[in-house]
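**Q** The following block contains the structure, expressed as structure tokens.
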């Protein structure tokens, strides 16, 4: 999972802030490489350490770096596959939330060796949920928070999405039909 997080962090920083800042982050971290491959193995904790260096170079809290990266993964035109994978979860945002427990299995279909975090959803009321996410990577919960925020927008749903502690996200749906949902078709558009 470190490899995937490193690759996504690399893409987020380069696309958002430019190659020069990514180079500065890698230098600050004493990294001998600047391009990470998602199928390779890297030392455990390298993704969290690199995000810490990104936070220092960019002058932003590491939590916001991870959350923004999660949003980037859903909204960037170069990651339409991530959005599509997530949108297969349901017609509405609440349906999508219920499908998140299946996400590790769906991701392993594409990448069998991927070590996905454990995800468990508790529905406290029709409009209130708690999502538990257990992962050895410190940034995972914040990345998931950013992804959930972007997906709520994608579904046109107004929500309060707040990380609680190290392994839970509180989700409160305020308006299921707050805006027009972004178009989604099961079939890929013809090119």
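The values are calculated or read from the model by the stated rules, or taken from the named source; none is laboratory data. Everything numeric in this text was worked out from a predicted model, so none of it was measured. Here Cβ is always computed from backbone atoms with ideal geometry, including for glycine, and neighbour counts include all displayed protein chains.
**Q** Of the residues in region 17-45, how many are part of a helix (DSSP H, G or I) and either assigned by TED's automatic domain parsing to the domain that holds residue 139 or at pLDDT below 95 (or both)?
**A** Residues flagged as part of a helix (DSSP H, G or I) and either assigned by TED's automatic domain parsing to the domain that holds residue 139 or at pLDDT below 95 (or both) within region 17-45 amount to 0.
**Q** While we're looking at this one, here's another question. Step by step: first the residues of region 141-160, then only those that are more than 22 Å from residue 80 (Cβ to Cβ) and in contact with a strand residue (DSSP E or B) (Cβ under 6 Å, 6 or more places away or on another chain), then the one that is surrounded by the most Cβ atoms within 10 Å (Cβ to Cβ). Which residue is that?
**A** Within region 141-160, the match that is surrounded by the most Cβ atoms within 10 Å (Cβ to Cβ) is 141.
**Q** Can you tell me which residue among 144, 137, 109 is over 15 Å from the mean Cα position of the chain (by Cα) and closer than 18 Å to residue 3 by Cα?
**A** Unique residue meeting the criteria: 109.
**Q** Would you check if residue 159 is outside the structural domain of residue 43 (by TED's automatic domain parsing), in contact with a helix residue (DSSP H, G or I) (Cβ under 9 Å, 6 or more places away or on another chain) and under 23 Å from residue 10 (Cβ atoms)?
**A** Against the criterion (outside the structural domain of residue 43 (by TED's automatic domain parsing), in contact with a helix residue (DSSP H, G or I) (Cβ under 9 Å, 6 or more places away or on another chain) and under 23 Å from residue 10 (Cβ atoms)), residue 159 does not qualify.
**Q** Just to be sure, is residue 174 modelled with pLDDT of 85 or more, surrounded by fewer than 22 Cβ atoms within 10 Å (Cβ to Cβ) and in contact with a strand residue (DSSP E or B) (Cβ under 9 Å, 6 or more places away or on another chain)?
**A** On the way: modelled with pLDDT of 85 or more: yes; surrounded by fewer than 22 Cβ atoms within 10 Å (Cβ to Cβ): yes; in contact with a strand residue (DSSP E or B) (Cβ under 9 Å, 6 or more places away or on another chain): yes.
So residue 174 passes the test.
**Q** Here's another thing I want to ask about it. So is residue 9 assigned by TED's automatic domain parsing to the domain that holds residue 136, assigned to a helix (DSSP H, G or I), surrounded by 17 or more Cβ atoms within 10 Å (Cβ to Cβ) and in contact (Cβ under 8 Å) with a residue 60 or more places away in the chain or not?
**A** So residue 9 does not fit the description; no.
**Q** Quick check on this structure: which one of 137, 86 is within 15 Å of residue 161 (Cβ to Cβ) and assigned by TED's automatic domain parsing to the domain that holds residue 169?
**A** From the options 137, 86, the qualifying one is 86.
**Q** I've got another one for you. Mind checking which helices (runs of 4 or more DSSP H) fall wholly inside region 62-166 and carry at least 2 residues that are at pLDDT 85 or above?
**A** The helices (runs of 4 or more DSSP H) meeting that bar are 62-75, 93-99, 140-155.
**Q** Now for a different question. Condition (residue is buried (at least 18 other Cβ atoms within 10 Å of the Cβ), touching a residue at least 40 places away in the same chain (Cβ under 8 Å) and closer than 19 Å to residue 159 by Cβ) applied to region 40-52: is it met by at least one residue?
**A** Among the residues of region 40-52, not one is buried (at least 18 other Cβ atoms within 10 Å of the Cβ), touching a residue at least 40 places away in the same chain (Cβ under 8 Å) and closer than 19 Å to residue 159 by Cβ, which makes the answer no.
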